[in-house]
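Here the structure comes first, spelled out in C-alpha cells, and everything after it is commentary.
The values are calculated or read from the model by the stated rules, or taken from the named source; none is laboratory data. A quick note: this is a predicted structure, and the numbers were derived from the prediction, not measured. Every residue, glycine among them, receives a Cβ derived from its backbone with ideal geometry; neighbour counts consider all protein chains shown.
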Ligand SMILES: [Zn+2]
Ligand SMILES: [Zn+2]
C-alpha cells in the first residue's frame with residue numbers, strides 16, 4: 001500500500017507514525033488523513049482522552065469531522081492495538097495510548113486519570129478463589145481519590 005506524502009509534514013515522531021503505517025498496512029487499511037489526525041491528537045494529549053474531547057480538539061482544524069468518525073477510528077485503533085479502551089467508573093470510555101502494564105489514579109473531583117506503575121501488584125500471587133472462577137488475562141487497578149492539585153485548590157478557597 002502506498003501512502004500519500006502529505007503526512008511528511010506532521011509533527012509526531014517517525015517511530016510512532018511508522019508503527020501506525022505498519023499496522024494499517026498489515027490490516028489492509030488506508031491511512032486516511034482523518035485517521036492520521038486522530039492519531040496525532042491522541043499522541044499530543046498524552047493522558048486519557050475521551051472520544052468527545054478528541055473530537056472537540058480536532059474540530060478546530062477539521063470543522064467538518066463527525067463524532068462518528070472519531071468513535072469508529074478509535075475503535076479501529078483499539079482493534080489494531082495502537083491504543084487501549086479504558087472503562088472507568090461513571091460509564092466514561094477513555095482511551096489510553098500507554099500500552100505498558102499500568103494502573104490508574106482517578107481524581108473524583110477533576111476526573112483526571114493518572115498512570116500508576118506497580119510492579120509488585122502485577123507480580124502478586126492471586127488469591128485462591130480467582131483460580132476457581134477462571135484464568136485472568138490482565139489486571140488493572142483503579143485507585144480513586146483526590147489529586148494533589150484539587151486538594152491544594154480546596155485549601156486556597
Ligand atoms: Zn483532581
Ligand atoms: Zn493509562
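Could we say that residue 144 is exposed (fewer than 14 other Cβ atoms within 10 Å of the Cβ), within 16 Å of ligand 1 (Cβ to nearest atom) and either over 28 Å from residue 23 (Cβ atoms) or not assigned by TED's automatic domain parsing to the domain that holds residue 24 (or both) here? Working first, answer last.
Values: exposed (fewer than 14 other Cβ atoms within 10 Å of the Cβ): yes; within 16 Å of ligand 1 (Cβ to nearest atom): yes; either over 28 Å from residue 23 (Cβ atoms) or not assigned by TED's automatic domain parsing to the domain that holds residue 24 (or both): yes.
Yes.
State all residues of the stretch 122-157 that are closer than 21 Å to residue 85 by Cα and within 16 Å of ligand 2 (Cβ to nearest atom); if no residue qualifies, say none.
Of everything in the stretch 122-157, those that are closer than 21 Å to residue 85 by Cα and within 16 Å of ligand 2 (Cβ to nearest atom) turn out to be 122, 138, 139, 140, 141, 142, 143, 144.
Which residues, counting only those in the stretch 68-88, are farther than 20 Å from residue 46 by Cα and in contact (Cβ under 8 Å) with a residue 12 or more places away in the chain?
Result: 69, single match.
I'd like the full set of residues that are crowded, with 17+ Cβ neighbours inside 10 Å and either in contact with a strand residue (DSSP E or B) (Cβ under 6 Å, 6 or more places away or on another chain) or at pLDDT below 90 (or both), limited to the stretch 26-35.
Matches in the stretch 26-35: 31 only.
Let's see how each residue does on (1) touching a residue at least 40 places away in the same chain (Cβ under 8 Å); (2) in contact with a helix residue (DSSP H, G or I) (Cβ under 9 Å, 6 or more places away or on another chain); (3) assigned by TED's automatic domain parsing to the domain that holds residue 38; (4) more than 16 Å from ligand 1 (Cβ to nearest atom):
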site	(1), (2), (3), (4)
93	yes, yes, no, yes
105	yes, no, no, no
111	no, no, no, no
114	yes, no, no, no
119	no, no, no, yes
122	no, no, no, yes
127	no, no, no, yes
130	no, no, no, yes
134	no, no, no, yes
